[in-house]
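This report concerns only the one structure given below.
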Amino acid sequence: MKSSVQKAETTIPVPNLDKADLAILKLLQQNARITVKEISEKIHLSTTPVHERIKRLEQSGVIRQYAALLDHSKVKKGLMAICYISLRQHSKTAGVQFIKAINAMHEVIECYTISGEFDFMLKVVTEDMNAYYDFHVNKLGQVENLGHQQSVFVMGVVKETHQLIY
């Protein structure tokens, strides 16, 4: 199944990350709106090399995007579920069709291919249980080649971070 997922190729090779790159990445993880000037002051480099390093990190794909992280419960997405999915058929075509269907569903905010009993793990957010039921029956349930499904509901968040550099 994992062979049906293709990774994006970058045109610039991934750089060897030095201490300055890691410091920049750490600061950007904490606050993506931090200015180049503020970064340069914190890591003791002038603005031009900091700007060039950030551009290189972006172009090489180390920095994929900048985002505002929202509190799902404050934007009418109060129900979060983890769905485990098995496909009936495990061909490249079946995998690609499933991935295409999942990418079209705005309720699915994350999708992973996984090992073990299931093929995929989805992180799904909806307004409430009625909206989740509608999603489960009328969207997810209509996907071809769907085998076994299991949903578990998130009752509370203990830790949620996007930081990779500490």
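The values are calculated or read from the model by the stated rules, or taken from the named source; none is laboratory data. These numbers were taken from a predicted model, which means no experiment stands behind them. All Cβ positions, even for glycine, are placed from backbone atoms using ideal geometry, and neighbour counts span all protein chains on display.
Laid out as a table, the results:
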item	result
Number of the exception - Lys26 against (1) farther than 29 Å from Tyr132 by Cα; (2) modelled with pLDDT under 95; (3) surrounded by 14 or more Cβ atoms within 10 Å (Cβ to Cβ)	(2)
Among (1) touching a residue at least 24 places away in the same chain (Cβ under 8 Å); (2) outside any strand (DSSP E or B); (3) surrounded by 17 or more Cβ atoms within 10 Å (Cβ to Cβ), the one test that Ser40 misses	(1)
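Listed here are the residues, each with its yes/no results for (1) of a type outside the set (A, V, I, L, M, F, W, C); (2) more than 30 Å from Ile12 (Cβ to Cβ); (3) modelled with pLDDT of 95 or more.
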| residue | (1), (2), (3) |
| --- | --- |
| Leu70 | no, yes, no |
| Met80 | no, yes, yes |
| Phe98 | no, yes, yes |
| Ala101 | no, yes, yes |
| Asp119 | yes, yes, yes |
| Asp128 | yes, yes, yes |
